[in-house]
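So the structure is just underneath, and the comments pick up after that.
The values are calculated or read from the model by the stated rules, or taken from the named source; none is laboratory data. Remember, predicted model here, so these are calculated numbers, not experimental data. As a convention, Cβ positions derive from the backbone with ideal geometry for all residues, glycine included, and neighbour counts pool all protein chains shown.
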Amino acid sequence: MPDDDLPYLTRLTLRLIDGVEKLPEETRARHTDYLISEQRPDGGWSGREGGSDLYYTGFALRSLAVMQALTPELCERTAGFLRSQMNRSTGVVDFFSLIVGTYLVPLGGGPDVLAEAPADWKDRVVAMLETFRTPDGGYGKVPGAPAGSTYTSFLVALCLQLLDRPIPNIENVVAFVNSRCRPDGGYVEIAPMKRSGANPTAAGVGLLQIAKAMTPEATLAVSDFLAALPSPFEGGFRANDRIPAADLLSTFTASWTLFQLGQEKKLNLAAIRDYADSCELPRGGFIGGLWDERPDVEYTFYGLGTLALTADVPRPPGAFSKG
């Protein structure tokens, strides 16, 4: 199957697995140990405070998956947490993380989280997701929202791909995303915004790619917009052109988007790699940027992803030593 025909998340995961395999074993082991140590007794993962939640559990599982470090024992514990969340009311962000978990846990040797779900569970999910549909053709953060969110709409599209279901009225979704494009070539999260950002642009491009509606003109405009966002002092990408500091989330999403558009020549891969290195901690895990102090499992996914995308860039001898 050609790469373009693979589901978006499958394409991303396979690309990151390929890159992570090229990292030194000690690097992979360090971050695997960090992620496993962060799993809570109930089988989930948390952010920097509070208990386990689906959002961080999803990032932990995705990180372990790209390092091929999921184990049956770990997945068995995680399955219990995911089952405990099955009947709770939740938004699209957490629901996306739940669906990702139900796919990754069996792949890691764990049980089928959906074994006791109703036969029409997928159809019920599709119907539930449609309650987030907004009059502008997108999907909102809550049911009945007056306007759509670019990021939420992208997550709904990812959920539907994982469920092997088409996007209903896909032409309206495409029109919605195009309405979020701004003259600078990027995309915004909500309609009133005037200046584009790296992350809504990545979400907008991802959704258009899923819908097979990305045009050559949009590709050129987006690549020019993203190519102007790296911090001249740090090497990573900024969330928008008004923010002085780079962050690991924007660095990963912008880099991945340019790779997907075939515009990776506009990336300074060595500088991006060095920025990711600067966010990596010797004990494992990544911080969000040079302004940050504590690691978490979400930024660890972005850090691993960035290192995977830049794994082919030659390094000077000894550059990997973090201990």
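Data table
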read-out	value
Leu160, sole failed condition from (1) buried (at least 18 other Cβ atoms within 10 Å of the Cβ); (2) of a type in the set (A, V, I, L, M, F, W, C); (3) outside any helix (DSSP H, G or I)	(3)
Single condition Pro192 does not satisfy, out of (1) more than 24 Å from Lys122 (Cβ to Cβ); (2) touching a residue at least 40 places away in the same chain (Cβ under 8 Å); (3) of a type outside the set (A, V, I, L, M)	(2)
The listed residue being part of a helix (DSSP H, G or I), touching a Lys or Arg at 6+ places or on another chain (Cβ under 6 Å) and in contact (Cβ under 8 Å) with a residue 40 or more places away in the chain, out of Phe259, Phe301, Phe252	Phe301
In segment 22-57, the residues that are loosely packed, with under 14 Cβ neighbours inside 10 Å and touching a Leu at 6+ places or on another chain (Cβ under 7 Å)	none
Single match in Thr102, Thr131 (criterion: hydroxyl-bearing (Ser, Thr, Tyr) and over 16 Å from Leu54 (Cβ atoms))	Thr131
Filter result for Leu14 (surrounded by 21 or more Cβ atoms within 10 Å (Cβ to Cβ), hydrophobic (A, V, I, L, M, F, W, C), on the phi < 0 side of the Ramachandran plot and at pLDDT 95 or above)	no
Scope segment 211-254; condition of a type in the set (D, E, K, R) and farther than 18 Å from Leu12 by Cβ; matching residues	Glu217, Asp224, Glu234, Arg238, Asp241, Arg242, Asp247
In segment 296-323, residue modelled with the highest pLDDT [restricted to those that are surrounded by fewer than 18 Cβ atoms within 10 Å (Cβ to Cβ) and small (Gly, Ala, Ser)]	Ala311
Residue in segment 212-234 that is in a loop (DSSP other than H, G, I, E, B), modelled with pLDDT of 95 or more and within 18 Å of the chain's Cα centre (by Cα) present	no
Options Ala202, Ala175: the member that is farther than 25 Å from Trp121 by Cβ and surrounded by 15 or more Cβ atoms within 10 Å (Cβ to Cβ)	Ala202
Residue under evaluation Ser231, criteria (1) surrounded by fewer than 21 Cβ atoms within 10 Å (Cβ to Cβ); (2) of a type in the set (S, T, N, Q); (3) closer than 13 Å to Tyr187 by Cβ, criterion not met	(3)
Residue ID - surrounded by the most Cβ atoms within 10 Å (Cβ to Cβ), chosen from residues in segment 262-295 that are closer than 19 Å to Leu16 by Cα and without any contact (Cβ under 8 Å) to a residue 12 or more places away in the chain	Glu264
Candidates Val92, Val66, filtered to the one that is crowded, with 19+ Cβ neighbours inside 10 Å, in contact with a Cys (Cβ under 9 Å, 6 or more places away or on another chain) and not basic (Lys, Arg)	Val92
Residues located in segment 15-30, provided they are in contact (Cβ under 8 Å) with a residue 40 or more places away in the chain, more than 18 Å from the chain's Cα centre (by Cα) and in a helix (DSSP H, G or I)	Glu26, Thr27, Arg28, Arg30
Residue within segment 42-53 that is touching a Phe, Trp or Tyr at 6+ places or on another chain (Cβ under 9 Å) and within 26 Å of Thr131 (Cα to Cα) present	yes
